[in-house]
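Everything on this sheet refers to the single structure shown next.
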Amino acid sequence: MDFTFTDDQLAFRDSVQSMLENEVTTTSIRERWASDTGENADMLNTLNEMGMNSLLVPEACGGLGMDLVDFVLLAEACGKAALPESIVEDAVVAGGLLADLLVVGKNTDQVQELLGAMASGEARVGCAHIINPYSNFAQQKDWMLLANGNDVHLVPNSELKFTALKSVDPSRRLQKIDWTPSRKTRVADGEVGAGLQRATLNRGALAAAAQLLGLAQAMVQQAVDYSSTREQFGKAIGTNQAVKHLMADCAVQIEFAKPAVYRAAYTVGVAPQRADWAVSHAKTAAGAAAELSARNATQVHGAMGYTWECDLHIWVKRAWALAKEWGDAGFHKNRIHEWLLQPNALLGPEFTFGKRYIDNSESAAA
């Protein structure tokens, strides 16, 4: 089997990444911090026109009907640019949960209409989860998908009360949501609701992992660029072996994290019963790579790396935030341990990919 990305997937990634590099500057990011919404309306429109909102929406609802393998490179590019807008979470987490509701046949007409509105950019839907209760940019959404025990509720913004919370990352606008569950807003319950929330957790962690991967690459690149121009004793500091080792350690961590993230995107789509440990592996590996890159890149920048004026902190603080979002390292390591220690865990190369990987997924989850 060929697991390399297609030319179309790479071309889509390149076009999105090029646009973000040109439009999402550190100046524009800082301008968002001072704005009322924290977002740039023109950027939201541009991302929608490029198909980011519609990529994962089923074709029957007016979307492109593609999958997470198609989207994971775009999420990585958004992380690399430190994009403040919550397009990745909206498309992957909220959009994915709505698509799951269609599959299980819950509130089909309402959900189908809402997915179509998401694809066209006419409506924005956010999501909060028991492990991630404070939603980013929740107040700017038209609808929120919320959990109450095993129940899943779809609630209009007008019925919610928001309390702003501070984040370590000034680009994030977290809100605590107060609301009253009702039969009218409930769209799933019982085992179905619990299963939907589990799938939502995996998609949220995968979205965070992909962005962490991009953040790590961006921080290493900034450190390399700085060490190539900053001179001490008549030579660039990047020529010193100690600096090279700092960056090499980050590069190794990033290269180990990449296949874990890409594999998790594949697993969520073709074998969701095995997604728990694959996603946790991705989140753990990408989080470790990003946190090491943040630490080492800051050290390469020296004392100025800790200052507000140094742009590096934009990426560093985003990495700190996303490393804890949708489960921290301890949570995901525990999920990996639970999978590995079960007596019927399918371990070994013959179960890594391919037909046996998919056919045995259900039995492994039993």
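General observations
- Pairwise Cα inverse-distance average, inverted: Kirkwood Rh of the chain (Å): 21.2 Å
- DSSP-loop chymotrypsin sites (Phe, Trp or Tyr not before Pro) across the stretch 268-308, with at most 16 other Cβ within 10 angstrom: 308
- Restricting the calculation to Cα atoms, the stretch 277-341 yields a radius of gyration followed by a Dmax of 14.2, 48 Å.
- Under the Karplus curve 6.51 cos²θ - 1.76 cosθ + 1.60, θ = phi - 60°, whole-Hz ³J(HN,Hα) for the stretch 41-52, x wherever Gly or Pro sits: 4, 5, 5, 4, 5, 5, 4, 5, 5, 7, x, 5
- The chymotrypsin sites (Phe, Trp or Tyr not before Pro) of the stretch 220-272 that DSSP puts in a loop, and whose beta carbon has at most 13 other beta carbons within 10 Å, are 233.
- Among the protein heavy atoms of the chain, carbon and sulfur supply 52% of the accessible surface, probe 1.4 Å, non-protein parts ignored.
- Mean accessible surface per residue for the chain, computed with a 1.4 Å probe while every protein chain stays in place, in Å²: 46 Å²
- Residues whose placed amide H lies under 5 Å from that of residue 144, excluding near-sequence neighbours: 126, 155, 157
- Principal-axis tilt of helix 108-120 within the chain, Cα atoms, nearest 10 degrees: 30 degrees
- Shape category assigned to the stretch 164-292 from the gyration tensor of Cα positions, a/c cut at 1.5: oblate
The values are calculated or read from the model by the stated rules, or taken from the named source; none is laboratory data. The model shown is predicted, which means the values in this text are computed figures rather than measured ones. Don't worry about glycine lacking a Cβ; one is built from the backbone with ideal geometry, like all the others, and counts go over all protein chains shown. SASA here: full protein model, heavy atoms, side chains in, ligands and nucleic acids out. Shrake-Rupley method; radii C 1.70, N 1.55, O 1.52, S 1.80 Å.
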